[in-house]
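First comes the structure, then the notes that go with it.
The values are calculated or read from the model by the stated rules, or taken from the named source; none is laboratory data. Keep in mind that this is a model prediction, so the values were computed, not measured. Positions of Cβ are generated from backbone atoms using ideal geometry, with glycine treated the same way; all protein chains shown enter the neighbour counts. To get the accessible areas, we keep the full protein, side chains included, count just its heavy atoms, and leave off ligands, DNA and RNA. Shrake-Rupley method; radii C 1.70, N 1.55, O 1.52, S 1.80 Å.
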Amino acid sequence: GRVDTQLVSGRYIDESGNSLTVKTSAVANSRPASSGNNTFIAAVASNKIRVLWYQIQAEGTVNVKFVDTAGSPADLSQLWVLQAREGVSGAAPPGAFLFESTSGLGVQVNLSGAVAVNVRAGYIEVAA
């Protein structure tokens, strides 16, 4: 969704005028390989996670999507059907984001099978 914001020197100014740090997903979580939901971006109490960009590259045939960390996870992105060495990336235009979690929930990478993928994302944490 689009919000009235701006990006200045690695900072993101949200619709309330708050200066937020643009973060990158942890390297430790950048190569999930388990079927189902895999830890990616941890939840932050009372905050939404807004994803600004992502990169995904599959090491084998697998379906990939981003979901939240709820008990019954909600889809946050479309489903990508990838073959070995295929990838996809996306970036929101300045002042926008691609998708966001519900307040207090993080972001997971859901895989249709036990196939490794390389995934990274840039995001901000926004007070709900």
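Points worth noting:
- Using the Cα coordinates of the range 25-128, the gyration tensor eigenvalues translate into equivalent-ellipsoid semi-axes of 22, 15, 11 Å, sorted from longest to shortest.
- The solvent-accessible area of GLU100, taken with every protein chain present and a 1.4 Å probe, is close to 50 Å².
- For the chain, accessible area per residue (1.4 Å probe, heavy atoms of protein chains only), Å²: 49
- Hz values of 3J(HN,Hα) by residue in the range 31-48 - Karplus curve (6.51, -1.76, 1.60), Gly and Pro given as x: 9, x, 9, 9, 4, x, 8, 10, 3, 9, 10, 5, 5, 10, 3, 6, 10, 9
- In plain terms, the C-alpha convex hull of the range 5-83 casts an average shadow of 6.6 nm² when viewed from every direction.
- Charging the Cβ of each Asp and Glu at -1 and of each Lys and Arg at +1, and nothing else, the dipole of the range 38-128 about its Cα centre rounds to 80 debye.
- The string of couplings for the range 59-76 from the Karplus curve (6.51, -1.76, 1.60, θ = phi - 60°) is 9, x, 6, 6, 9, 10, 7, 9, 9, 8, 9, 5, x, 10, x, 8, 5, 10 Hz, one whole number per residue in order, with x for Gly and Pro.
- Qualifying trypsin sites (Lys or Arg not before Pro) in the range 36-109, DSSP loop, other Cβ atoms within 10 Å at most 10: ARG85
- When you restrict to C-alpha pairs under 8 Å that are six or more residues apart and normalise by the size of the chain, the relative contact order lands at 40 percent.
- Which of VAL22, VAL107 is most accessible, then next, and so on - probe 1.4 Å: VAL22, VAL107
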